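*Asks:* Below are the structure tokens for one structure; questions will follow.
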Amino acid sequence: MKTLDLMGSFPKDRHPRMRSGQHISLEHLKTAEWPVVHQSPVGTGKTAVGYTFLKAKEKKGGKHLLYSVPNKTQVEQVQAMHPDVKVALGRNEHPCLYPGYDDDPRADQIPCSMNTDCPHRVNLETGETYEPGATPCPYLQQKYEALQGGIVVLSLIHI
């Protein structure tokens, strides 16, 4: 941990002044035994601390960095605060674009693995659609982007 540039990775563009609690948390992260659970009251700047840690890991060559939060609303809040993060939501959060459905189904209602001829299907290795020029499947496009690396925000709890 001591080699991470935590203070230099703090998002000063979003938070011009680091709070004392954030500074204490980041200093603690330098020497903490892992795993670490960071708990602080609402409004104390935990999101900036988590983002700072992952940004420092990214600068040191970390490729797949996951930032988990309790729910979709918090996923959206983290993305709004830090637009450079990627988001990974579940299949039920995306429409299915497979032709022939009139009732606007969600991706989790359609067996995607069976629809290998879907023009919107995204190749997870190349990012290309099955049919050139087709609108990419929102779920598979998001999955492809997350697989490219960086900080990915996701919710582990779906209610």
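The values are calculated or read from the model by the stated rules, or taken from the named source; none is laboratory data. What you see is a predicted model; the values in this text were computed from it and never measured. Cβ placement follows ideal geometry from the backbone for every residue including glycine, while neighbour counts extend to all protein chains displayed. The area values use the complete protein model at the heavy-atom level, side chains included, leaving out ligands, DNA and RNA. Shrake-Rupley method; radii C 1.70, N 1.55, O 1.52, S 1.80 Å.
*Asks:* Below 13 Å, Cα to Cα, which aspartates and glutamates can Lys57 reach? Residues fewer than 8 away in the same chain don't count.
*Replies:* In chain and number order, the partners are Asp5.
*Asks:* So between His15 and Ala134, what do we pick up on full extension, going 0.36 nm a residue minus the alpha carbon distance?
*Replies:* 38.9 nm
*Asks:* Report the Cα centroid-to-centroid distance between the stretch 59-121 and the stretch 1-31 in angstrom, as an integer.
*Replies:* Taking the Cα centre of each part, the stretch 59-121 and the stretch 1-31 sit 30 Å apart.
*Asks:* Find the relative contact order for the stretch 1-153 and round it to a whole percent, using C-alpha pairs within less than 8 Å whose residues are 6+ positions apart.
*Replies:* Relative contact order, the stretch 1-153: 24 percent.
*Asks:* Answer with one residue from His38, His64, Pro119: the one whose Cα lies farthest towards the positive end of the charge dipole of the chain, charges on Cβ with Lys, Arg +1 and Asp, Glu -1.
*Replies:* Result: His38, furthest along the dipole toward the positive end.
*Asks:* Please report the carbon-and-sulfur percent of the accessible area for the chain; probe 1.4 Å, protein heavy atoms only, DNA, RNA and ligands left out.
*Replies:* 53 percent
*Asks:* At Val42 and Asn123, where each label point lies 7 Å from the Cα along Cα→Cβ, what is the point-to-point distance in nanometres?
*Replies:* Each label point is offset 7 Å from its Cα along the Cβ direction, giving 4.8 nm.
*Asks:* Leaving out same-chain residues fewer than 8 places away, which lysines sit with a Cα under 20 Å from that of Lys72?
*Replies:* Straight-line reach from Lys72, under 20 Å: Lys46, Lys86, Lys143.
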